[in-house]
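Worksheet: one structure, shown below.
Just so you know, all these numbers are worked out from the coordinates, no wet-lab data involved. None of these values were measured; they are calculated from a predicted model. Cβ: placed from backbone, ideal geometry, glycine included. Neighbour counts: every protein chain shown.
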Amino acid sequence: MRKINVTSIQMNGEKIIITIDNIEKQNLSNVKFGFHQNNKFMYQCDVPFRVEGHTITFKFELVYLDNFYQGLPDDINFFECCVILNGKIYDLMVFERNIINQVNYMKEDYTYQYTQSMYLFYIKENKLTLAAGDQFEIVKTLGNHLTNKIIPDYIRIHHENIIFQFNQFSLSKYHVNFRLIDKRDGSMQRLTANILDQHEISLPMDRIRWRKHAEYDLYIDILYGFSLISLQIISPMYYGFTPNGLIKTPVTNLEITEYVLLYPKKFQQGVRNIGVEIEHQAINEGKILMHLKKRIISDSLIKLYLIKEADHLLIPEYCYMIQNEQIQLDIKELALFLKDHHCENQRWKLYINYKKGTSDKFRPIIFPYMKDTFKSYENQTTSLGENGTFTCKSDRANHIYILFENQSKHQENHFFKMTSHCTIRNIHYDAMNQKLTFTLPKKCFEENSEIRLRFKQRQSNKSVQYTFTKTPFSPELEKIMIDLSEFIREGACDASKWDLYLEQINCELNILEISRLGTYDQQIKPKHIRYFPSVNTLTNLVFAPYLTMNNGLSFVINKPIHLSNEKLKTEMEVNRFTIHHGILYGKVTINFPEVKKFDLKEVVLTHRTQGSRKQYRIPIEIKKKKNYDVFTFSIDLKDLDFEKYYWDVYCLVYVDGNEYYVRLKNPSRKVKRKLNRSSLKRAFAYPSKCWVYPYVTQVNTVALTYKTKESYETTRMFFKENLAFYFYLLFKWYFDKKDIWLAFEKFSEGAQDNGYYFFRYCFQNKKHKQFYYIIKKDSPDYPNLIDMKQKVIHFMSFKYMIYLYAAKLLISSESRGHVYDVRVQKGRLKKSLNNKRHVFLQHGVISLKKVDKVFNKKGHNASDLFVVSSDREKDIIKNNFGYDDNEIIVTGLSRWDVMQDKSKDEKAILLMPTWRSWMDDMPEDKFVETDYYHQYFSLLNESNLDQTLEKHHLYLNFYIHPKFKSYIHQFTTKNQRINIIQYGEEKVNELLMRSSLLITDYSSVAWDMYYQKKPIVFFQFDFKDYNKYQGSYLDMEKDLFGDRVFNSDELVNVINEYAERHFKEKEQFSHLREKYFKYTDKNNARRIFESIVEKREKLIKKNHEKSFQYRILHSAKLKRLWRLSRTNSEIIQLSNKLKEKAKRKRG
């Protein structure tokens, strides 16, 4: 059959306007619209049309299908749309993605119902298709279909009708049908439900087509928007329907019964013997009331426990009261207790402990018979507002359990979750007042429905519920206004993208419908037009709403130059990017397919972290071609004042008077091959022992690296790296048998952190024969490994390179890049690291500092096994980093196994501040101007501190973070009791064990001190900046485990206070220890090793998968071919033919 392309589809109520272009020049005397099924012509009708040049426009109204409805079958039919031009039939094909999205997103809005039938236009295999027939079947097939079970509150027979009563929702608001499924052959009968009143419906038995000895399951189907909710009717004792049982009908003389569900007698007896039985339970005025069948007689105090597998929790006495035959549980107190122990979203069985005679009874609390768990759920759940929901009910074994859930988890577990798209119109963004307005259909605001707007961050579990105001806009629309000022002020700390969703909660049907908001009824505009004006935030980022490639409404927070880069749709290839004799030469082919006219101005070289504060602009030479432009440039690098580390290259282009910075990307195969080789031939060295060279980034852009040239960055070393690679390939069969593990720490130059102590444990206990430690020869920590030197490999040695190629597992306290060089972006060794499995032992506990941007599962620093110290930390990693439960192990840190208090002989204070992310790579002259430097310099020279140290005979050790070690000479003091320690001079572990008090700001070393039960003072003079730029997973106001001060005077006062109490930890902080540490038994390294062995097969499997599948799935060529194939009509037609052929074979 002939095909013709549709260039536009517009839907408006019951009218559909279809535009067809490239019509052949002919006299269109006979034009009709029709439908066919399996190449069999079914129906045609006259449709008004208009011809303009080579374009024909149809105005099709669904009322034209009224006659068509009469001959349709009852279920569902699909018809392909076609036009008849002068007797020739043409299929209507749709290849443009924006039209496909527009039509398919409009399923709910653009339907036509005729009594029991529905008509719906949508795209199927790139053909404009009509779905016609039973509306329940259409929604079931094309919409959301949710299934569950329901228990009627009451069932009765009245005049050959079975009447069901459901008090939990109002049936009169929905379109409801009964559905009977034959258990034997799966055949279906659909019967219209008679709505008697708000809660009652009836099933007419005389309409059922009975089959002898048949058995049926009975469902009620409820239409909710473009979703079908199928609820199987059950009861606590019965299920199913059959024509031979309990209820007789005079007309059919048939009986309908429900099969009885009974538990075996042995099971019931077992339950009675082992449990404490209760007659009933209820929730009343914030209390859980349980009435026991028999009074418990005990010789001692009765205790209540919560048990989950091997974990036991003793419920505090203030949470419950036992009187006579009743147990009362205080819900709020119990919820706070569970929250403090980080036991939310977990089922805990309730046990009772009492003594009777010589025996100690430890019994579960149970129901003695099968309870109606579906019915009991409604009565045994109570809301605690924003804190969450508390549930007390029985499981299938009749054990009573309690469950405290936060709001999102409760909705996830107990609500149907549906996803859809919702069309908004009349979008307006007032950038000056930071207000966004749009209109929503009034049907979104139904009774008994809760409406919320939620911003969801991409590639993260973060979301923000946002308030809005609603005002009438028209009879069909409501105007929504969102004040974005608070979100811009508080949420714009990191570069991110957020999508806007509408959440509709129907508590009657337990439905949570999550709708992506967007202008899905409009044509997709060019990319740069879909962005609204940007506004500045309190940081160096800007905020802007925009429409995605599918017209979804989203928000972007990014640096101005990065936002500018993403606005233009660009086709680009970098044909040359190399350094020769200190000059960078570049050649770029570029085109902007959505822009008719553009003006290329210059190339801009920009420092990645400082942005516009450090830029160089270079003129370009342009050559105009037919379909693209080519520009060349050259940059003399000798005259540029570079700063570390990374410099990105942009071209400046003007479109419609607006300037855009477009990052140079997509280097050709030849350029990429050259840049991924040795840096030496394409680099320029400065007299300052620094050098600059080009490289290809992970997002396929070109950039420059400016760094200190390391001693191993030589031609000889790169030759050795390649030689080691070929040596490994030659003896791969031998090295792969070894199962090599490698341990290392920061920059491969330390041996005093978790990597070292885990390696030492494995060495001393002979846990893994092929386990080696990587360290630099000149490292100050090298002596720590003398007694294990047979398992030590020197950094950048030939053996190191071979073993790194062959390693099956990397184990470290830092990211995997530290085993090589975190700044090097090329070379065979660097490339091989991407395929290595990594166990992240952590440098400390993740809580005080947000680092999910660095160690996110989807980032290049991702690990395969993540070590944490508590269930609380596990939840932080799971919810913010994107890791799964089986990728996180709760073991504790290996260095804590050797922790012991050595502070008895001398009283020393350790001052150990952490680094600041917003001060990374800052020049020294700017560092000395920061508040960070002034605060600590003035503290070291504070006279009050001198007096305090002298008075109590104390010493203070100042140890700066390794990232700021190059500035250590700027910190000076004349006080003889203050020692300024260089990085590497002393072990951090030893300093912590010798110290009586720790002063820090946000450093994770606070956990090491807390583990030793020693006091900590948090000196947070720059908390506002820290919270803005870095952030914390811990509530600093409520959850800190030490004193908090904001200036040096407060700090000196707290030091005095602790010195007078002999540095004894305060009780208000000591009782939090169980909450933050799961283990304090000094067996952390053993648990880590056992977890690695347990998960070893999965780690090896992941390694094997990534070695082949990862390269295939992440192939740039395949991605490009896939994108091209989705827009090529010939490929689409070929794929559709193959699909049809496969279907026929299966049939």
222 nm mean residue ellipticity, helices alone, for the chain (DSSP H n ≥ 4; -39,500 (n - 2.57); rounded to 500): -6000 deg cm²/dmol
To the nearest Å, what is the center-to-center distance of the range 950-973 and the range 881-942, using C-alpha atoms only? 12
Using 19 Å as the Cα-Cα cut-off, could you pick out the over-long pairs in LYS308/LYS874; LYS567/LYS858; LYS857/LYS878; LYS596/LYS624; LYS672/LYS808; LYS965/LYS987? LYS567/LYS858; LYS672/LYS808
Under a straight-distance cross-link criterion of Cα-Cα below 18 Å, which lysines are reachable from LYS638, leaving out those fewer than 8 residues away in the same chain? LYS614, LYS681, LYS689, LYS707, LYS709
Cα convex hull of the range 562-708, projected area averaged across orientations, nm²: 8.8
Please enumerate, by chain and number, the aspartates and glutamates with C-alpha under 20 Å from the C-alpha of LYS1098, excluding those fewer than 8 residues away in the same chain. ASP736, ASP739, ASP864, ASP884, ASP885, GLU887, GLU1090
Starting with the fewest neighbours, write out GLU929, GLU1067 ranked by other beta-carbon atoms found within 10 Å of each beta-carbon. GLU1067, GLU929
Over 30 Å between Cα atoms, which of LYS497/LYS1075; LYS674/LYS849; LYS339/LYS1013 qualify? LYS497/LYS1075; LYS674/LYS849
Starting from the Cα of ASP1081, step 7 Å along the direction of its Cβ; do the same at GLU985; then give the gap between the two resulting points in nm. 4.1
Looking only at lysines whose Cα falls under 22 Å of LYS293's and that sit 8 or more positions away or on another chain, we get LYS265, LYS266, LYS303, LYS349, LYS355, LYS356, LYS361, LYS371, LYS375, LYS393
Using alpha-carbon pairs under 8 Å, 6+ residues apart, how would you state the relative contact order of the range 562-708 in percent? 27
Charge tally for neighbours of LEU313 with beta carbon under 14 Å away, counting Lys, Arg as +1 and Asp, Glu as -1, is -1
Go through (i) 52, 41, 27; (ii) 57, 48, 28; (iii) 59, 36, 33 and flag the label whose value is the computed semi-axes √(5λ) of the Cα gyration tensor in Å for this structure. (ii)
What list of ³J(HN,Hα) values in whole Hz, one per residue of the range 322-330 in order, does the Karplus curve 6.51 cos²θ - 1.76 cosθ + 1.60 (θ = phi - 60°) give from phi, with Gly and Pro shown as x? 10, 10, 6, 10, 10, 10, 10, 10, 7
P(r) weight above 17 Å for the range 952-1073, C-alpha pairs, percent: 62
